[in-house]
Every structure is written in C-alpha cells, then in structure tokens.
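K.L.:
Sending over a structure as structure tokens; questions will come in a sec.
The values are calculated or read from the model by the stated rules, or taken from the named source; none is laboratory data. Fair warning: this is a prediction, and the values are worked out from it, not measured in the lab. Because the Cβ atoms are built from the backbone with ideal geometry, glycine has one as well, and the counts that use them run over all protein chains shown. Areas reflect the complete protein model, heavy atoms only, side chains present, ligands, DNA and RNA absent. Shrake-Rupley method; radii C 1.70, N 1.55, O 1.52, S 1.80 Å.
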Amino acid sequence: MVLHVSPYASGFLSFLDGLSWAMVFPSYWLLDRLLASCVATSLEKHRRSQDPCSFLTLCLLVSAPLYLLLFLASLPLALLGFLLWAPLQAVRTPYLYTHCRPDKHQAEQGGAGAGLSEWRPQGRSFCFGSANVCLLPDSLARFNNLSDTQRRAREVGRRIRSGASRPQIKIYIDSPTNTSISAASFSSLATGFRRTSSLDQRPENTPSTAEAEPQPDCPLHPNGEQGSADCPVHPPGGAPSPECPLHSGGAGDDSADCPLHSAGGQNSSDCPLHPIPSSGVQISISAPEPDPPLDEEEEAGKHPGGVEGGGDSSSINSRTASRESLTRFHGDGGGTGAVSSNNTLSHRTSVFKRPTGRKRRHGEDGFDHEISAFFPANLDFLCLQEVFDHTSTSRLRSQLHRYFPFVLSDVGSYGWRHCCSHFKFLNSGLMLASRYPILDAHYECYPNGRGEDSLAAKGVLFAKVQVGTSHQEQRVVGYLTCTHLHAIEGDAAVRCEQLDLLLEWGEEFRKATSRPSDEKEDQVAFDVVLGDLNFDNCSSEDKLEQQHALFTQYKDPCRQGPGEDKPWALGTLLDPSGLYDEEVSSPESLQKVMENEEGRKEYLVFPPSKNQCPSQKGRKIPLKGNGRRIDYILYKEDSPQQDWKVDIEEFSFISQLAGLTDHLSVAMRLAVSTGEEEP
C-alpha cells in the first residue's frame with residue numbers, strides 16, 4: 001500500500017479543488033456564522049444576562065440580518081463552486097499522510113521512532129490515547145454547548161503535547177517502612193535523575209540503608225599520606241574536620257571555589273569531601289526534550305468545513321513547554337485568542353504530593369488505574385474523533401507535529417464516493433498521530449449511517465506501524481484501528497453491523513499488509529482498537545452491543561463482563577450543560593470532581609434510570625453508577641508470536657481537555673515482552 005501525501009494525484013486537480021472551495025467558502029462561512037448567532041452556549045447566555053446595557057444582544061440583532069443578506073448574495077457563486085467541487089471528490093484520496101522530519105536534536109532524544117534499530121529482548125511498553133475533541137463547524141458544535149472551534153483546536157493540540165512531553169517519573173523505594181518521598185527531597189535527588197525508556201526495569205540490589213564505604217584516597221595527598229596537620233580533610237587523629245576550609249561558608253556552602261566540585265556544587269559522586277548520601281530511593285525520568293523552535297506555517301488546504309489556516313503565533317518550544325500552565329480556555333478572550341492561566345499545574349507537586357486514592361492498584365486487575373489531569377508522559381499513539389472542521393484540522397495537526405512526527409488526518413470521503421447511500425458533507429473526523437513510522441494505512445466508510453449521522457463519512461482507519469527490528473532482522477510492527485460508530489440512540493443494530501464490518505475489514509487489512517512468503521515475516525507486537533463506540537457497558541438499551549464478538553477477540557480493561565464495568569471504571573461522556581461551571585472548568589478541578597462520587601453524579605451523563613433525583617442545580621441524576629463510558633481502548637491479549645506476552649501496565653481517565661470538549665479522554669499503556677533472555 002502507498003501512503004497518500006496529497007489529497008489528489010496531480011497538482012492540476014488540487015488547483016481545481018482549491019478554486020472550487022474558494023467559491024464555496026464565503027457562503028459556507030456566512031451560513032455558519034448565521035446559525036451560530038442563533039444558538040448560544042450557556043457561557044454566552046450568562047454573559048448576556050450580566051450585560052447591563054444589552055450591548056451583546058444589540059450586536060446580535062445587527063449581525064444576524066447582515067449575515068443573512070450577505071449569504072443570499074453569495075449563493076450564486078457558491079452554487080458554481082459546488083458543481084465544480086463535487087465531481088472532484090470521486091478521485092480524492094481518503095486521507096492525508098504528513099511526516100515532520102525530525103532534526104538532529106529530536107533524533108538524539110528519541111522523539112521520532114525511538115528504538116527502531118533494535119528490539120530489546122525484555123520488550124518495550126507503548127502508550128495509547130483516545131479523545132473525542134468535538135471540532136465540528138462552530139454552528140454545529142454549539143449544540144454540544146461548545147464554541148470557538150478553531151481556537152479550541154489549537155488549545156487541544158497544546159494541551160496534548162504539554163501532557164505527553166512532560167517527564168515520566170518513576171520512584172522506587174526499597175525500605176518497607178519508608179513509603180513516601182517529600183517534595184523537599186527533590187533537590188537532593190535531582191542529580192540522580194537519569195533518562196530511560198518508558199519500560200524501565202526496577203533497579204536490582206538497591207541498598208535500603210546507608211552502608212559504610214571504604215574511605216577514599218585523600219585528593220590532597222596523592223601519595224596516601226593522611227593525618228597531616230596541613231590536611232583539612234584528615235587532620236591528626238583520623239577524624240575528618242566538620243568544617244571544610246575549601247568552602248568559605250562551611251560545609252554547607254555551595255561555593256564554586258571548591259577544587260573538588262567541577263560544577264561548584266557539593267554532594268558530587270567525585271567529591272570525597274561531600275559524597276552523595278546513600279539512599280534506598282532511585283528515581284528515573286523518561287521524557288522527550290522540548291522541540292526546537294519551528295516555523296509557524298499552517299498547512300494550506302481547501303475543503304468543506306474550513307478555509308486556509310492561518311499561522312499560529314504562539315510558541316511553546318522551550319524547556320518550560322512541558323511544564324507550562326494548563327489554561328482555562330473559556331476566559332474573557334473575546335475573540336483575541338487570549339486564554340487565562342489561572343490553573344497552573346506543577347509537575348513536581350503532582351508527583352511528590354499525589355493525593356491518596358488518585359492511583360490505585362488492585363490485585364485482581366494487576367495494573368494501575370487513575371484519574372489524571374495530564375495525558376500520559378511518552379504518549380506513543382493518539383486517536384482523535386470528530387476533527388471535522390478543516391481549518392481546525394490544520395491547526396491541530398500543526399500543534400501535534402511538534403511531538404508526533406507521523407500524522408494521518410483529513411480522513412474520509414466527501415460526496416457519494418464509497419458511501420453511495422447519502423451525500424457526505426463532512427469527512428470521518430478521525431485523526432491518528434504516531435511517534436513511530438506508519439508503514440501502511442487504509443480507510444473504510446460505514447455504508448449504513450442513518451439520520452444526521454449519514455451526513456458524515458464515519459468509518460474506520462487502519463494503520464500498521466513499525467516499532468522496532470528484531471535481532472533476526474525482522475520488522476516488529478503493531479496494528480491500530482481507529483473508529484467512530486453511529487451515534488443515534490436506539491440504533492443498536494446499526495452499530496453491531498458496523499462492528500461486524502470493523503472485524504472483517506481489519507482481518508483483510510492485516511492479510512493485505514503482511515509480507516510475501518519469500519521475505520522475512522513481520523513480528524506483531526500489539527493489535528489495538530481505539531475510538532468512540534457510542535454505547536456503554538451499563539445501559540439496558542445497549543445490551544446487543546455489549547455482547548458483540550468484538551469483546552471476545554479484544555479485551556476491554558474496564559469491563560467485568562457484558563453489562564458490568566469494574567468498580568473503578570469511569571464514564572467518559574460529560575453533561576454539556578455543566579461544561580462551564582467553575583467546578584469543572586480546569587483540568588485540576590475536573591479531576592477532583594471525577595474522584596468524588598457526588599461530583600460524578602453531577603457532571604457525567606448516566607444511562608437512563610428510574611431511580612433519579614434532582615441535583616442541587618436542577619439536573620436529574622441517578623443514585624448509583626459511574627456514568628456512560630463510550631470511549632474505548634481495546635487490545636488483543638494473545639500475541640501471534642510464540643512466547644510473546646502483552647500485559648497492561650496502566651489505564652487512565654484524563655481531564656486535561658476540560659472546557660474544550662464534552663468527553664473525558666482515555667489512555668492505556670501496554671508492556672510487550674518477548675520471553676527471550678538478554679544477550
């Protein structure tokens with residue numbers, strides 16, 4: 001298979017597509033603004049109620065008729081453009097593959113396809129993420145109580161990149177009595193940090209208590225003559241002096257004049273005066289370095305749902321990028337693109353002062369599960385849904401390319417191609433970002449969409465990625481399946497048919513992308529399904545989907561069985577009416593609310609229930625449950641390779657996109673081991 005790097009096979013067709021969309025765009029934009037002015041979000045309604053002069057209402061009354069008048073005037077030109085644009089969609093490629101070539105700095109820190117040269121015998125871990133970002137045209141997004149689609153797209157990309165590029169910190173404590181680390185000890189342990197891969201083995205033979213070590217040779221006595229009256233380290237009597245004359249401020253001074261500390265700091269491993277105290281704690285950090293400055297050029301593109309993207313004027317390209325403040329998006333920017341920064345999250349604090357109960361390990365599960373305010377560090381693969389608006393696609397792709405070198409975007413088909421039953425005004429909304437090279441990709445459109453869902457080319461995107469090379473020179477690969485199923489409630493048969501097609505097409509894709517018999521066979525490390533399936537595992541209305549064969553071939557880490565989730569599993573669909581409440585307006589605050597049962601009842605959407613009571617804000621909430629979980633990450637437990645083993649390390653529900661979408665994101669980390677011995 002060939003990866004499509006352009007929407008069309010020739011530049012002439014691309015020119016015609018751009019010309020046709022330039023003719024259509026004015027009408028599209030005016031219609032979008034006209035409808036948006038008629039549908040207000042709860043935040044806009046609140047602002048209007050606080051406007052004593054009714055200035056906002058007056059602006060609305062003036063702008064709406066103006067939009068209507070201009071829209072009617074632009075219709076003839078738009079009709080001509082549409083007649084030119086529609087036939088072109090028959091030869092348009094089903095996705096756009098973009099590769100941001102890493103520079104020397106990124107290659108050294110392993111940000112792009114790290115570890116492809118060799119596959120370690122003990123295996124490797126991979127992190128997968130999925131999020132529904134609701135980047136519809138602005139007028140349609142308002143029906144989900146969201147607005148400012150293009151600004152949200154850029155902020156979504158920033159937050160994902162910020163969370164994924166932060167350090168992954170692991171703390172090992174061997175002492176059974178010492179089970180915590182205070183933030184104060186951070187500075188003394190900082191010099192012991194080391195960069196590792198995301199699957200770092202627990203250090204062996206770590207001493208749990210300080211052990212006496214042989215006294216080193218005195219650096220002031222190369223001949224070994226100690227105990228001299230001139231020696232400040234070994235005075236007569238053999239006892240070291242409590243005050244070091246090499247530091248004018250005493251033993252605790254960090255003067256740069258110390259001849260034994262090349263960097264001027266104490267407690268160096270090379271300094272016999274101030275050696276590092278032995279400790280039972282080891283800390284490892286794994287994180288990609290922040291990317292160097294990139295030119296802010298939005299990719300030019302012309303398709304339904306947007307116009308040529310503008311440049312992103314903000315730059316987050318320094319070491320502080322991974323520790324930047326995660327901002328509340330719906331501030332009083334008022335169209336200027338400004339966002340407030342009143343919810344700064346400190347990575348050090350979140351690591352060393354983690355509230356109890358935020359991450360738990362259950363013996364039955366054997367893996368960690370948590371509610372996190374960040375996307376996992378070292379995120380390897382990301383599947384996004386509802387990336388419909390094309391200008392937003394360009395802005396989001398530009399942000400993601402600063403962390404993910406390989407991206408599949410603009411996935412789907414328009415017009416009648418592939419989906420002959422209905423004309424498609426929107427593409428599939430799928431986007432896949434990867435840190436590892438994408439070898440093959442394929443898209444299929446579900447042919448059975450109904451109602452308003454039939455206007456979008458919802459389907460499934462398959463991708464094959466290379467994650468390493470074995471010592472037998474075989475490619476180590478993984479399979480990713482990204483999808484977004486039919487959304488209308490009550491259409492269980494439609495979703496089950498789509499799941500049948502997903503399994504059938506997936507098998508065909510794996511066969512089509514397998515190597516010929518005369519070449520070395522690929523070794524498959526993982527097979528993962530990600531996406532918004534639009535049904536949960538608790539609703540009685542979703543019983544048909546809950547018993548589908550998909551869950552016999554792939555494992556759902558949150559699922560106890562058909563119709564029953566594990567106690568810690570969390571709903572991922574947020575109540576749109578509460579998106580702008582102060583209690584859930586930032587990643588930290590939404591995380592805290594989701595950790596509380598009453599908070600979940602207040603702000604999550606639950607399956608229909610007879611046992612409902614009014615909340616303090618008037619919304620009907622059920623008495624029990626953890627909400628509707630419609631966003632999934634599934635994986636195959638059985639590896640095609642003999643002796644290979646796939647285990648889940650952790651599963652996360654993520655609140656980092658608070659205020660930007662009506663879904664919680666989900667992430668999962670898998671450990672793939674080969675069962676081989678170290679050479």
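K.L.:
Kindly indicate which of ALA64, ALA22, ALA36 is in contact with a Gly (Cβ under 8 Å, 6 or more places away or on another chain), at negative phi and assigned to a helix (DSSP H, G or I).
P.N.:
Details: ALA64 fails: in contact with a Gly (Cβ under 8 Å, 6 or more places away or on another chain); ALA36 fails: in contact with a Gly (Cβ under 8 Å, 6 or more places away or on another chain).
Answer to the selection: ALA22.
K.L.:
Taking the options SER577, SER539, name whichever one is closer than 22 Å to ASP491 by Cα and either touching a residue at least 60 places away in the same chain (Cβ under 8 Å) or touching a His at 6+ places or on another chain (Cβ under 7 Å) (or both). Outline the logic, then answer.
P.N.:
Values: SER577 fails: closer than 22 Å to ASP491 by Cα.
The conditions single out SER539.
K.L.:
Do you know which residues across region 504-522 are assigned to a helix (DSSP H, G or I) and either more than 14 Å from GLY459 (Cβ to Cβ) or without any contact (Cβ under 8 Å) to a residue 12 or more places away in the chain (or both)? Step through it out loud before you land on a result.
P.N.:
Here is the first cut: in region 504-522, the residues assigned to a helix (DSSP H, G or I) are 504-512.
Scanning region 504-522 gives GLU504, GLU507, GLU508, ARG510, LYS511, ALA512.
K.L.:
Within region 122-165, take every residue that is open to solvent by 10 Å² or more (accessible area, probe 1.4 Å) and farther than 30 Å from ASP32 by Cα and give me the one that is farthest from the chain's Cα centre (by Cα).
P.N.:
Looking at the filtered set, the residue picked out is GLN122.
K.L.:
Let me confirm something: among ALA40, ALA22, ALA36, ALA9, which residue is closer than 23 Å to PHE71 by Cα and open to solvent by 30 Å² or more (accessible area, probe 1.4 Å)?
P.N.:
Details: ALA40 fails: open to solvent by 30 Å² or more (accessible area, probe 1.4 Å); ALA36 fails: open to solvent by 30 Å² or more (accessible area, probe 1.4 Å); ALA9 fails: closer than 23 Å to PHE71 by Cα.
Selected residue: ALA22, the only one of ALA40, ALA22, ALA36, ALA9 that is closer than 23 Å to PHE71 by Cα and open to solvent by 30 Å² or more (accessible area, probe 1.4 Å).
K.L.:
Filtering region 628-649 down to residues that are at pLDDT below 95 and among the acidic types (Asp, Glu), which residue is farthest from CYS383 (Cα to Cα)?
P.N.:
The selected residue is ASP643.
K.L.:
Being under 30 Å from ALA457 (Cβ atoms), open to solvent by 80 Å² or more (accessible area, probe 1.4 Å) and not in a loop (DSSP other than H, G, I, E, B) is true for just one of LEU75, LEU83, LEU30, LEU16. Which residue is that? Break it down stepwise before answering.
P.N.:
On the way: LEU75 fails: open to solvent by 80 Å² or more (accessible area, probe 1.4 Å); LEU30 fails: open to solvent by 80 Å² or more (accessible area, probe 1.4 Å); LEU16 fails: open to solvent by 80 Å² or more (accessible area, probe 1.4 Å).
Answer to the selection: LEU83.
K.L.:
LEU146: of a type outside the set (Ser, Thr, Tyr), under 30 Å from SER585 (Cα atoms), modelled with pLDDT of 50 or more and outside any helix (DSSP H, G or I), yes or no? Reasoning before the result, please.
P.N.:
Details: of a type outside the set (Ser, Thr, Tyr): yes; under 30 Å from SER585 (Cα atoms): yes; modelled with pLDDT of 50 or more: yes; outside any helix (DSSP H, G or I): yes.
Yes.
K.L.:
Something else about it: How do the pairs read when you match residues in region 374-390 that are at negative phi with residues anywhere that are charged (D, E, K, R) and outside any loop (DSSP other than H, G, I, E, B), using Cβ under 7 Å and keeping only pairs 6 or more apart or on different chains?
P.N.:
Close Cβ pairs satisfying both conditions: PRO376/ARG669; GLN385/ASP532.
K.L.:
While we're here: Go through (1) in a helix (DSSP H, G or I); (2) of a type in the set (Val, Ile, Thr); (3) at pLDDT 90 or above one by one and return the number of the condition THR57 breaks.
P.N.:
If we test THR57 against (1) in a helix (DSSP H, G or I); (2) of a type in the set (Val, Ile, Thr); (3) at pLDDT 90 or above, just (3) comes out false.
K.L.:
Between residues in region 423-441 that are farther than 27 Å from ASP453 by Cβ and residues that are among the basic types (Lys, Arg) and open to solvent by less than 10 Å² (accessible area, probe 1.4 Å), which pairs lie under 8 Å by C-beta distance while being six or more apart or on different chains?
P.N.:
ILE438/LYS464; LEU439/LYS464; ASP440/LYS464
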